[in-house]
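The values are calculated or read from the model by the stated rules, or taken from the named source; none is laboratory data. Just so it is clear, the structure is predicted and the values come from calculations on it, not from any experiment. Backbone-built Cβ (ideal geometry, glycine too); neighbour counts: all protein chains shown. Just the protein is used for accessible areas: all its heavy atoms, side chains included, with ligands, DNA and RNA removed. Shrake-Rupley method; radii C 1.70, N 1.55, O 1.52, S 1.80 Å.
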Amino acid sequence: MKKLINKPEDFVRESLEGMALAHSDLIKVNFSPTFVYRADAPVKGKVAVVSGGGSGHEPMHGGFVGKGMLDAACPGEVFTSPTPDQMFEAAKTVNSGAGVLFIVKNYTGDVMNFEMAAELAHAEGIPVQNILIDDDVAVKDSLYTAGRRGTGTTVLAEKICGAAAEAGYDLKQVADLCRRVNLNGRSMGMALTSCIVPAKGTPTFELGEDEMEIGIGIHGEPGRERMKIKSADEITEMLALAIIEDEAYTRTVREWDMEKGEWVEVELTDEPLKPGDQVIAMVNSMGGTPISELYVVYRKLHEICEKKGLKIVRNLIGAYITSLEMQGVSITLLRVDDEMLRFWDAPVHTPALRWGM
Amino acid sequence: MTVTTIPKDQIVRWLRRTAQVLEENRDYLTQLDAAIGDADHGINMDRGFKRVLSQLPTVEDKDIGSVLKTTGMALLASVGGAGGPLYGTFFMRAGMAVGGKQELTAQDLVTLLQGAVDGVIQRGKAQPGDKTMVDALLPALEALREAVEAGDDIRTALEKAVAAAEKGMKDTIPMLAKKGRASYLGERSIGHQDPGATSSYLILKALLDTINETA
């Protein structure tokens, strides 16, 4: 293992310490328990948007804390969900009284830890909502698996919901918007190489020189299918078509009923993309793929979208939701309406995403 | 020798032994997890029980329920992943089931494990056969209850429970995972032993070994 680390067990903390020093105008970092929060939190009268997950996906989520996006982010150990005490303390710190939205990627650990945190926040009198992101079309089935994983749409949802909270949306409105973003977003990823978890020191999976893994998540977990490597155009086509031709997907999720103070099961179905739709297209590096290759992918993606009648109205190209040093790419298409687009365009100033201010 | 009660100091020794066993099996559990999950189970459990070790001195003079609840809270705040809420709930619910006690009878042990396993099932919603820790825990609970009802002493009953957990753990090998990250592998999850079922077996076996050591 060759990495720019000191000791594996210090990696997450030292990285956060550096980030806090580099962006002291935007963020602060709390330790024991660990969370990143807006330097000006709590923002009076504003719904707080909080997310979190395992480390190793940087810049997500800590890099998205700041004006117009997240109020706090809870980083766990590498690829390990953070714990309820982190989320609860973060919620208490950034809650202005208008309540807290937890944006949760659909992984078993993240879901259970955020559910326990929501129960703690509720008991403390903090209005709280949990919205799951489950956009990974590589997972076909929700009945016999833990359901679709939360991937690229998370980044777009955090931007859009952060802007809506900044614009004065109340908790229910921000939660409804987040659910709608999730139901309109779809992603698919692939890996050319594995990644190495620092505490483990060896690749998470073995991939031959001439092989690739299609349908990966973001934790170096093996994907749906392993095959001989193909050209960038062929890979882009596989990913894009898996998204564009994906059929309606139905899942049952648990959401928090604030009035009753209990979990309720909600069945949600999304609608497939269709000609005429406007989309935000994200081409995302898994960490080790250079932006030059991402543009090769975007070139083909643009052509495919045109052919399918999808209009790319905005794009985001770069490393935003990564798996450490993994080489690979994920594509996300988010169907947008005017409301989502307005919040996408709204000013944002975070360590990793900045425009309009 | 017949064992009719488990005093509190044995519960504390069980937790210390568990920490040692999980440290020894850190790489083994992580390798099992790398095959079908995300390669962190051994690392997380080792970190969690190190936190438990650091907090045990603050509750050693309290009752068994407090010791177990503190263990659960320590795991909840340090393990992360799915293991944190599940093992956190396991020990918190175990503690709630035997609150205030300084020693456990065979029946108390059944009550303890019943509370713990119920908690895990409620939190994780796994069914038997989903290739999770439930596949080791539920057979162990059933074997323990049957043995105690038949009049076995604690040691004999625990021997049967641990044997059932071991069998349950091995039975996860041919199973198709339906929960957690392993479920995304579909057919590719078949042929691998579930890391959560394995850590559950190791934790129960550590209790038996603790009792054998002093009996």
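Would you point out the residue of segment A:214-227, among those that are more than 9 Å from chain B (Cβ to nearest Cβ) and farther than 21 Å from A:VAL78 by Cα, that is farthest from the chain's Cα centre (by Cα)?
Only one residue tops the list, namely A:MET227.
Take segment A:23-43 and flag every residue that is more than 20 Å from A:PRO84 (Cβ to Cβ), part of a strand (DSSP E or B) and not aliphatic (A, V, I, L, M).
A:LYS28, A:ARG38
Only one of (1) touching a residue at least 40 places away in the same chain (Cβ under 8 Å); (2) of a type outside the set (Asp, Glu); (3) within 14 Å of chain B (Cβ to nearest Cβ); (4) surrounded by fewer than 24 Cβ atoms within 10 Å (Cβ to Cβ) is not met by A:VAL104, so which one is it?
Going through the list (1) touching a residue at least 40 places away in the same chain (Cβ under 8 Å); (2) of a type outside the set (Asp, Glu); (3) within 14 Å of chain B (Cβ to nearest Cβ); (4) surrounded by fewer than 24 Cβ atoms within 10 Å (Cβ to Cβ), A:VAL104 breaks only (4).
Suppose we filter B:GLU187, B:GLU146, B:GLU159, B:GLU213 for residues that are assigned to a helix (DSSP H, G or I), modelled with pLDDT under 95 and more than 14 Å from chain A (Cβ to nearest Cβ); which single one remains?
So the residue among B:GLU187, B:GLU146, B:GLU159, B:GLU213 that is assigned to a helix (DSSP H, G or I), modelled with pLDDT under 95 and more than 14 Å from chain A (Cβ to nearest Cβ) is B:GLU213.
Condition test on B:LYS131, is it within 14 Å of chain A (Cβ to nearest Cβ) and touching a residue at least 24 places away in the same chain (Cβ under 8 Å)? Reasoning before the result, please.
On the way: within 14 Å of chain A (Cβ to nearest Cβ): yes; touching a residue at least 24 places away in the same chain (Cβ under 8 Å): yes.
Yes, satisfied.
Criterion first (at pLDDT below 95 and surrounded by fewer than 23 Cβ atoms within 10 Å (Cβ to Cβ)) does B:GLY124 satisfy it?
Numbers: at pLDDT below 95: yes; surrounded by fewer than 23 Cβ atoms within 10 Å (Cβ to Cβ): yes.
Yes: the conditions hold for B:GLY124.
Name the residue that is nearest to B:LYS101 (Cα to Cα), counting only residues in segment B:34-59 that are within 11 Å of chain A (Cβ to nearest Cβ) and free of Cβ contacts under 8 Å to residues at least 12 places away in the same chain.
B:ALA39
Which one of these is under 30 Å from A:LYS3 (Cβ atoms), of a type in the set (Val, Ile, Thr) and at pLDDT 95 or above: A:ILE321, A:ILE243, A:ILE280?
That would be A:ILE321, the only listed residue that is under 30 Å from A:LYS3 (Cβ atoms), of a type in the set (Val, Ile, Thr) and at pLDDT 95 or above.
If you go through segment A:59-72 one residue at a time, do you hit one that is within 26 Å of B:GLY84 (Cα to Cα) and either among the charged types (D, E, K, R) or not assigned by TED's automatic domain parsing to the domain that holds A:TYR169 (or both)?
Yes, segment A:59-72 has at least one match.
Counting only residues that are open to solvent by 10 Å² or more (accessible area, probe 1.4 Å) and part of a strand (DSSP E or B), which one in segment A:57-76 is nearest to A:ILE133 (Cα to Cα)?
Among them, the one singled out is A:PRO75.
Of the residues B:GLN31, B:GLN107, which is open to solvent by 20 Å² or more (accessible area, probe 1.4 Å) and either under 21 Å from B:THR132 (Cβ atoms) or within 11 Å of chain A (Cβ to nearest Cβ) (or both)?
Only one candidate qualifies: B:GLN31.
Which of the residues spanning segment B:60-77 are within 23 Å of B:GLY37 (Cα to Cα) and either away from every other protein chain (no Cβ under 14 Å) or open to solvent by 10 Å² or more (accessible area, probe 1.4 Å) (or both)?
Answer for segment B:60-77, where residues must be within 23 Å of B:GLY37 (Cα to Cα) and either away from every other protein chain (no Cβ under 14 Å) or open to solvent by 10 Å² or more (accessible area, probe 1.4 Å) (or both): B:LEU76, B:ALA77.
So the check is Cβ under 6 Å with 6+ separation or different chains; which pairs have a first residue in segment B:101-114 that's assigned to a helix (DSSP H, G or I) and a second one that's open to solvent by 50 Å² or more (accessible area, probe 1.4 Å)?
The qualifying pairs are B:VAL110/B:ARG145.
Evaluate the following for A:SER32: is it on the phi > 0 side of the Ramachandran plot, out of contact with any Ser or Thr (no Cβ under 9 Å at 6 or more places or on another chain) and open to solvent by 30 Å² or more (accessible area, probe 1.4 Å)?
Criteria met by A:SER32.
Under 6 Å between Cβ atoms, which residue pairs at least 6 apart in sequence (or on different chains) link something in segment A:27-39 that is within 15 Å of A:VAL348 (Cα to Cα) and more than 14 Å from chain B (Cβ to nearest Cβ) with a partner that is surrounded by fewer than 17 Cβ atoms within 10 Å (Cβ to Cβ) and among the aliphatic types (A, V, I, L, M)?
A:ILE27/A:ALA39
Do the conditions hold for B:GLY151, that is, is it assigned to a helix (DSSP H, G or I) and without any contact (Cβ under 8 Å) to a residue 12 or more places away in the chain?
So B:GLY151 fails the test.
Does segment A:77-91 hold any residues that are open to solvent by less than 10 Å² (accessible area, probe 1.4 Å) and within 14 Å of another protein chain (Cβ to nearest Cβ), and which are they?
A:PHE79, A:THR80, A:SER81, A:PRO82, A:THR83, A:PRO84, A:MET87, A:ALA90
Inspect all residues belonging to segment A:49-56 and state whether any of them is polar (S, T, N, Q), under 21 Å from A:PRO82 (Cα atoms) and buried (at least 21 other Cβ atoms within 10 Å of the Cβ).
yes
Which condition does A:VAL94 not pass, out of (1) open to solvent by less than 10 Å² (accessible area, probe 1.4 Å); (2) more than 27 Å from A:LEU316 (Cα to Cα); (3) in contact with a Cys (Cβ under 8 Å, 6 or more places away or on another chain), if it passes all the others?
Of (1) open to solvent by less than 10 Å² (accessible area, probe 1.4 Å); (2) more than 27 Å from A:LEU316 (Cα to Cα); (3) in contact with a Cys (Cβ under 8 Å, 6 or more places away or on another chain), only one is false for A:VAL94: (3).
Quick check, is A:GLU262 of a type in the set (Asp, Glu) and within 14 Å of chain B (Cβ to nearest Cβ)?
yes
Quick one: in segment A:113-136, which of the residues that are outside any strand (DSSP E or B) and surrounded by 24 or more Cβ atoms within 10 Å (Cβ to Cβ) is farthest from the chain's Cα centre (by Cα)?
It comes out as A:ALA121.
Condition test on B:ALA182, is it part of a helix (DSSP H, G or I) and within 14 Å of chain A (Cβ to nearest Cβ)?
Numbers: part of a helix (DSSP H, G or I): yes; within 14 Å of chain A (Cβ to nearest Cβ): yes.
Criteria met by B:ALA182.
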